[in-house]
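The values are calculated or read from the model by the stated rules, or taken from the named source; none is laboratory data. What you are looking at is a predicted structure, and each value in this text was computed from that prediction instead of being measured. Ideal geometry is used to build each Cβ from the backbone, glycine not excepted, and the neighbour counts take in all protein chains shown.
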Amino acid sequence: MSKVLFSSITKKFVMALAGLFLLTFLPLHLIINLMLLKSEPGPFNSAAHFMATFPLIKIMEIVLFGAILIHISWGIYLQIQNWFARPVGYVRYNKSETSFFSRFMIWTGAIILTFLILHWFNFYFIKLGIVKGNPEDFYSVAHSLFKIPAYDIIYLTCFALLGFHLYHAFYSAFQTIGLNHRIWSPVVKLVALVYAIILPAGFAFISVTLWLFR
């Protein structure tokens, strides 16, 4: 029993670290995507080319995919473990402040993963040569996609769900690594809320602007 408990705690800890690493990637991705709002494609395409060719970035790309794989696979494993540990289901839910978010993390995560696969298909697979397209002109690719209403609706829905996912993920990750204090916990929770609002709102702003005003 102790080995199982230790294994679960270890997986949660590593999963939290992987999640925190992914959280540092999103602001950089947003900054680059904001270049899509420029009228000329040069800055965005140059940034995309740099991200695709700079050796250190390519190493970090491997680390990023590793973090995504760990975060997803262990998240699914721990969720299934929880389901089997409570086969009857809850009569009452824990009334903690994060209980609502924690109950739906697996589902918001699944939807976000689906969007990631779509995103990779439209961009990353072009870079790999699997999907037809110009890897040196992702500016035009992005603008073409954001002109499709269905794509924008999917995009906005997924980023709204990402906000819910990020709020609980940010806060719970710091709790998992041991930062659970009467003074610091409210600060972390506030930062998590701000992060979970600003990041998805930034991506949504790009989508709506390119869809309706460009």
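Residue check: Asn134 meets all listed conditions (1) in a helix (DSSP H, G or I); (2) at pLDDT 90 or above; (3) surrounded by fewer than 17 Cβ atoms within 10 Å (Cβ to Cβ) but one, namely (1). Scanning region 149-191 for residues that are in a loop (DSSP other than H, G, I, E, B) and under 22 Å from Leu78 (Cβ atoms), which turns out modelled with the highest pLDDT? Only one residue fits best here, namely Ile177.
Tyr139 meets all of the listed conditions (1) without any contact (Cβ under 8 Å) to a residue 60 or more places away in the chain; (2) in a helix (DSSP H, G or I); (3) over 22 Å from Ile111 (Cα atoms) but one, namely (1).
Elements of the type helices (runs of 4 or more DSSP H) sitting completely within region 1-92 and holding at least 2 residues that are loosely packed, with under 13 Cβ neighbours inside 10 Å and at pLDDT below 85: these cover 2-33, 55-85.
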